[in-house]
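Peer 1: Following this message is one structure expressed as structure tokens.
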């Protein structure tokens, strides 16, 4: 088993013993199992999938990015934001995504820093909508945790 914790600046979002976690990273994803080599990496905006058992259903969480460390059977995510799928209001997430898309279209002459901020916001909202919709289509299954 892996001792797993997701921490944001506001709170501990998830803390439990798990079998595996699949994390969004640059260029794809990585799945951490108990026998995984030590790992440090950057999280991208996307879906975190946590399984308590090899055969169990996965619990989905949306993240906007952060850092991951796995060492000595402990996986810690320091996330900018993280939300459990069941906590995401799909309507509000879709509205936020639409606002971010509009900002991208309206800001033709924005500087690189502003563009990066809006692009990160758009990535975050896409992840939230995708995770929330997936959760709803599965009937709201969850594996528990804190």
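Peer 1: Filter the range 100-116 down to the residues that are free of Cβ contacts under 8 Å to residues at least 12 places away in the same chain and either surrounded by 12 or more Cβ atoms within 10 Å (Cβ to Cβ) or in contact with a helix residue (DSSP H, G or I) (Cβ under 9 Å, 6 or more places away or on another chain) (or both) and list them by number.
Peer 2: Listed by number, the residues that qualify are 107, 110, 114, 115.
Peer 1: Does residue 41 fit the bill of being over 11 Å from the mean Cα position of the chain (by Cα), surrounded by 13 or more Cβ atoms within 10 Å (Cβ to Cβ) and at positive phi?
Peer 2: The answer is no for residue 41.
Peer 1: Go through the range 44-57 and give me each residue that's more than 15 Å from residue 75 (Cα to Cα) and crowded, with 20+ Cβ neighbours inside 10 Å.
Peer 2: 45, 46, 47
Peer 1: Tally time: how many residues in the range 67-87 are within 20 Å of residue 36 (Cα to Cα) and in contact (Cβ under 8 Å) with a residue 40 or more places away in the chain?
Peer 2: Residues of the range 67-87 within 20 Å of residue 36 (Cα to Cα): 67-78.
Right, trim to in contact (Cβ under 8 Å) with a residue 40 or more places away in the chain and you get 68, 70, 73-78.
Selection size over the range 67-87: 8.
Peer 1: Quick test for you: out of 61, 78, 23, pick the one residue that is surrounded by 13 or more Cβ atoms within 10 Å (Cβ to Cβ), modelled with pLDDT under 95, in contact with a strand residue (DSSP E or B) (Cβ under 9 Å, 6 or more places away or on another chain) and in a strand (DSSP E or B).
Peer 2: The match here is 61.
Peer 1: Scan (1) under 23 Å from residue 119 (Cα atoms); (2) modelled with pLDDT under 95; (3) surrounded by 12 or more Cβ atoms within 10 Å (Cβ to Cβ) for the single condition residue 66 breaks and write down its number.
Peer 2: Unmet for residue 66, out of (1) under 23 Å from residue 119 (Cα atoms); (2) modelled with pLDDT under 95; (3) surrounded by 12 or more Cβ atoms within 10 Å (Cβ to Cβ): (2).
Peer 1: Within the range 81-97, work out how many residues are more than 13 Å from the chain's Cα centre (by Cα) and under 14 Å from residue 120 (Cα atoms).
Peer 2: Summing the residues that are more than 13 Å from the chain's Cα centre (by Cα) and under 14 Å from residue 120 (Cα atoms) in the range 81-97 gives 2.
Peer 1: Oh, and also: Regarding residue 29, is this residue within 13 Å of the chain's Cα centre (by Cα), surrounded by fewer than 17 Cβ atoms within 10 Å (Cβ to Cβ) and free of Cβ contacts under 8 Å to residues at least 40 places away in the same chain?
Peer 2: yes
Peer 1: Sticking with this one: Of the residues in the range 44-57, how many are closer than 18 Å to residue 129 by Cβ and assigned to a strand (DSSP E or B)?
Peer 2: 4
The values are calculated or read from the model by the stated rules, or taken from the named source; none is laboratory data. Predicted model, so just to flag it, every value in this text is computed and none were measured. Methodologically, a virtual Cβ is constructed for each residue, glycine included, from the backbone with ideal geometry; neighbour enumeration extends over all protein chains shown.
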